[in-house]
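Notes follow the structure.
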Amino acid sequence: MSELLFRCEDRVMSVLPTLRDDERAVVERELEALRGIEPADLMTEMRAVARAVPERVYTDSADVLLRMHEITGSGNHQSCLSSLGIVRACFELGLTGQDEQAPVLVVGRGHIAPSFYAERYVRGEIPFLPLTALHHGLTGVVHSDLGFTNTMRYSLGVGVAQAVSTAWELTRSGSQRKVVCLAGDGELHEGSAFEALRFAHDAGLTNLVLVVDANDKGIEPLSKPLNRDYLAAYLPRLEEVEGTAEGIHSALGKLIEAPGPAALVCRTEKGAHSFKPKPTGAVAKPAKVSFATTTGRTLAEHLRSRRRSAAVFTADMAARFGLPDGPRYTNVGLAETIGVGMTLGLPEDTVKVVATDAMYYMDSLNMVTEATTSVSNLILLAGRSWGAWGGAHNAFNLLGLMLNTRVYEPISALELNACLERQQAHPGTAHVLAMVDAKFDPPAWGCSADIDGATWVTPPAPETRRAVITFGYAGLLVAEANQDGGLAHLHCAALDPELDPELVRGLSDFAEVISVEYNGVQGGFGERLRAKYLLPLRVHGVREDIANVVHDRQLVRHGMSPQQLRKLLSDSSEVIAGAGARA
């Protein structure tokens with residue numbers, strides 16, 4: 001199967017009936033053309049389809065950008081629109097092609113990738129087909145597989161460091177080639193960004209041009225506008241223009257040609273951070289929301305009912321979990337080092353909620369380590385999105401090894417409340433709560449009285465010879481796979497559960513016990529159980545870095561779909577490969 005079909009086919013077929021007539025006609029022709037193209041890398045396939053079906057449904061990239069978000073129903077439309085003039089100027093200046101003499105373009109504002117897709121589409125470089133699968137096969141952040149020189153995985157601010165690293169290496173090799181880095185003013189609040197700019201200044205780099213989208217917003221408005229004086233101290237030649245493609249094209253072209261480092265501040269406007277589709281009718285059925293976005297209400301009610309004072313870091317990330325208005329700190333960056341560091345000086349009895357995301361908290365592990373050894377009442381509310389979970393890079397396994405730290409993955413309000421109650425009872429222990437972004441109904445089973453214990457989803461019958469034990473979200477996948485009740489199913493919300501000795505003896509009596517985790521198996525849930533309780537476990541989970549594709553495809557690729565789990569659980573001799581398994 002081609003890479004483009006593998007990533008997008010399911011999503012495209014599901015939205016095809018909802019497309020406009022002209023869009024649907026073009027996509028159907030593109031699908032037909034794709035099936036006749038030899039499988040290759042993603043960009044090669046997209047270019048080939050675009051050549052085979054040259055018709056453009058839209059000729060303005062702003063229209064394409066809007067339709068991409070309307071079709072997918074989510075995303076950062078306003079962020080992409082804010083930077084669209086910058087993106088257009090980059091295309092006009094030849095910064096997005098393969099010319100090795102042109103400046104290197106590093107996109108630090110990683111989530112504006114859709115702006116580049118939209119502009120590539122109107123220029124005939126890619127087809128309309130993948131645009132219908134934005135965030136459902138076509139990643140919303142920059143990646144080298146999709147025509148970018150760099151890849152973003154974790155945090156904002158990393159792109160500036162990538163650009164400085166590239167500029168430094170070019171300088172060391174004697175090249176005169178320049179590096180153009182696109183960043184946002186919210187991104188420049190990140191400590192890593194300013195550390196990189198300080199290094200560029202101290203190293204005497206003369207080949208760096210920083211282009212800043214200055215819209216005065218992160219997820220929420222910034223506490224103060226971009227500090228232009230601070231920026232000019234490191235990049236002495238600083239110019240400012242309106243954020244139109246024409247003005248940026250002219251100013252950026254001159255800065256690239258001029259000697260020395262420079263910064264171009266582009267004044268832009270940005271609306272609401274997250275795209276919200278317009279209601280389709282008065283009786284439209286409300287969309288199911290992800291479990292993570294309901295966390296805030298449960299947490300707020302817990303704090304209110306227990307009369308606990310709290311400080312939430314930070315305002316922009318609080319919105320991600322649906323936290324209502326309350327005691328938040330200002331936008332000090334997207335849950336990076338300073339956000340964690342500011343917990344260190346607060347009163348002991350204040351609940352410190354660090355609201356973060358799978359893409360961000362990896363960059364502040366050093367400060368998290370500091371906080372876990374010196375802070376009371378610390379909760380790390382960690383969103384678990386599909387781009388950064390599983391395999392060797394799994395953060396939850398690393399966090400679980402920290403001193404005075406416990407990691408949980410609650411999948412119901414009952415479990416979440418139990419975690420919060422435990423945290424209140426053990427204020428000296430940092431509690432990491434992994435909140436899954438998946439959309440699912442609450443599980444039918446309840447919650448263990450002890451959140452560190454386990455709950456029988458399917459209790460063992462006298463004749464039951466095999467059992468499965470799960471961690472967090474994997475419990476829902478296994479419950480679907482085990483609907484016939486063929487296996488005893490034990491579920492845990494704790495990464496490192498404390499199992500009752502009698503329960504351990506009962507597990508040891510089974511002919512086979514399989515552990516399943518939506519996680520990395522190295523140092524993870526199953527390996528901990530096997531080492532701690534000497535259980536004869538067969539461990540199933542993700543063994544390598546997670547594939548950057550839509551969630552359903554990730555499950556299939558890593559042997560975690562309910563269908564694959566059903567086969568795994570029904571045949572003890574069958575081992576489903578975690579690497580490269582494709583349907």
Check: Taking K and R as +1 and D and E as -1, what net charge do the other residues with C-beta under 15 Å from the C-beta of Leu378 add up to?
Finding: +1
Check: For the chain: lysine pairs with Cα atoms under 26 Å, gap of 8 or more or different chains, count?
Finding: 16
Margin query: Just to check I understand the Karplus step: with θ = phi - 60° and J = 6.51 cos²θ - 1.76 cosθ + 1.60, what whole-Hz values come out for the range 478-493, glycine and proline as x?
Written below: 5, 4, 5, 6, 10, 4, 7, x, x, 10, 6, 10, 10, 10, 10, 9
Notebook entry, point to check: Looking only at Cα atoms, what is the convex hull volume of the range 54-103 per residue, in Å³?
Noted result: 112
Note to self: Let me check I've understood the local charge: for Val407, count other residues with C-beta under 15 angstrom from its C-beta, Lys and Arg +1, Asp and Glu -1. What total comes out?
What the structure shows: -2
Checklist line | Cα pair distances exceeding 39 angstrom across the chain, given as percent | finding: 33
Check: Taking Cα atoms, how many degrees apart are the long axis of helix 158-172 and the longest axis of the chain, rounded to 10 and kept between 0 and 90?
Finding: 50
Checklist line | Where the range 430-480 is the region considered: accessible area per residue in Å², 1.4 Å probe | finding: 38
Check: What order, most packed first, do the peptides 176-188, 471-483 have when packing is the mean number of other Cβ atoms within 10 Å of each residue?
Finding: 176-188, 471-483
Next item on the list: Rounded to the nearest 10 degrees, what's the angle between the helix 413-425 long axis and the longest principal axis of the chain, both from Cα atoms, 0 to 90?
Entry: 80
Check: Per the helix-only calculation at 222 nm, which mean residue ellipticity applies to the chain, given -39500 (n - 2.57) for every DSSP H run of n ≥ 4 and division by its residues, nearest 500 deg cm²/dmol?
Finding: -10500 deg cm²/dmol
Item checked: Relative contact order for the chain, counting Cα pairs under 8 Å that sit 6 or more residues apart, in percent -> 10
Notebook entry, point to check: From the square roots a ≥ b ≥ c of the eigenvalues of the alpha-carbon gyration tensor of the range 1-116, which class results: rounded (a/c under 1.5), prolate (a/b over b/c), or oblate?
Noted result: oblate
Item checked: Mean Cα-pair separation over length for the range 66-141, i.e. relative contact order, pairs under 8 Å, 6 or more apart, % -> 39
Margin query: How would the range 131-206 be classified by its alpha-carbon gyration tensor: rounded, prolate or oblate, with rounded meaning a/c under 1.5 and the a/b versus b/c comparison settling the rest?
Written below: oblate
Item checked: Probe 1.4 Å, accessible area per residue of the range 71-193, Å² -> 30
Item checked: Accessible area of the chain belonging to carbon and sulfur atoms, whole % at 1.4 Å probe -> 52
Checklist line | Peptide ranges 559-571, 440-452 listed from the most packed, as the mean C-beta count within 10 angstrom indicates | finding: 559-571, 440-452
Next item on the list: At a temperature of 4 °C and a viscosity of 1.567 mPa s, determine how fast the range 142-272 diffuses translationally according to Stokes-Einstein, using the Kirkwood radius over alpha-carbon pairs as Rh; express D in µm²/s, rounded to the nearest whole number.
Entry: 86
Next item on the list: Post the alpha-carbon centroid distance, the range 492-536 to the range 188-257, in whole angstrom.
Entry: 51
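The values are calculated or read from the model by the stated rules, or taken from the named source; none is laboratory data. As the structure is a prediction and not an experimental result, all values here were calculated from the model. Note that we place each Cβ from the backbone using ideal geometry, even for glycine, and neighbour counts take in every protein chain shown. Ligands, DNA and RNA are stripped out before the accessible areas are found, and what is left, the full protein with its side chains, is counted by its heavy atoms. Shrake-Rupley method; radii C 1.70, N 1.55, O 1.52, S 1.80 Å.
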